[in-house]
Amino acid sequence: MVFCTDIGTPYEGRNLNRVLHRTLQQVGLETMGVHSLRHTFATRAMEAGMDVRTLSEILGHAKVSLTLQLYAHSSMETKQKELEKMDSFL
């Protein structure tokens, strides 16, 4: 279990969100849901160069194509860095 109560049982969805929101507020972070945390993790893992197949398995996706479809977003920094690779052709 990633998120469990003090006695080791899984949180109910409402309670998990309540605890998450309270914790984020206490540390001064923007309130978000569990899915947003999952999305952020996946996006940052890809930006860090994690192998997509490995990430797909971590996320529990049956197909790598689903992972790419959901989480492979290019930031402006990434786009600029990739376009700079074309400078050698100019």
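Taking every alpha-carbon pair under 8 Å whose residues sit at least 6 apart, the chain reaches a relative contact order of 15 percent. Can you tell me how segment 1-50 classifies by the Cα gyration tensor, rounded, prolate or oblate, using a/c under 1.5 as the rounded cut? It is oblate, given that a/c is not under 1.5 and a/b is not larger than b/c.
Compared with the dominant Cα axis of the chain, that is its longest principal axis, helix 13-26 is turned about 70°. Identify which of the listed values of Kirkwood radius over Cα pairs in Å was calculated from the structure shown: (i) 14.0; (ii) 15.7; (iii) 13.1. Working out Kirkwood radius over Cα pairs in Å from the coordinates points to (ii). Here the spin labels are modelled as points 7 Å beyond Cα on the Cα-Cβ line, and at residue 76 and residue 47 they lie 1.3 nm apart. Solvent exposure of segment 15-87, expressed per residue, is 75 Å² of accessible area, with all protein chains present and a 1.4 angstrom probe. Helix 34-47 and the longest principal axis of the Cα set of the chain meet at an angle near 30°.
Across the accessible surface of the chain, with the other protein chains kept in place and a 1.4 Å probe, carbon and sulfur atoms take up 56 percent.
The values are calculated or read from the model by the stated rules, or taken from the named source; none is laboratory data. Keep in mind the model is a prediction, meaning the values are calculated, not measured. Here the Cβ is made from the backbone with ideal geometry for all residues, glycine too, and neighbour counts use every protein chain on show. In case anyone asks, the SASA skips ligands and DNA or RNA and just uses the protein heavy atoms, side chains included. Shrake-Rupley method; radii C 1.70, N 1.55, O 1.52, S 1.80 Å.
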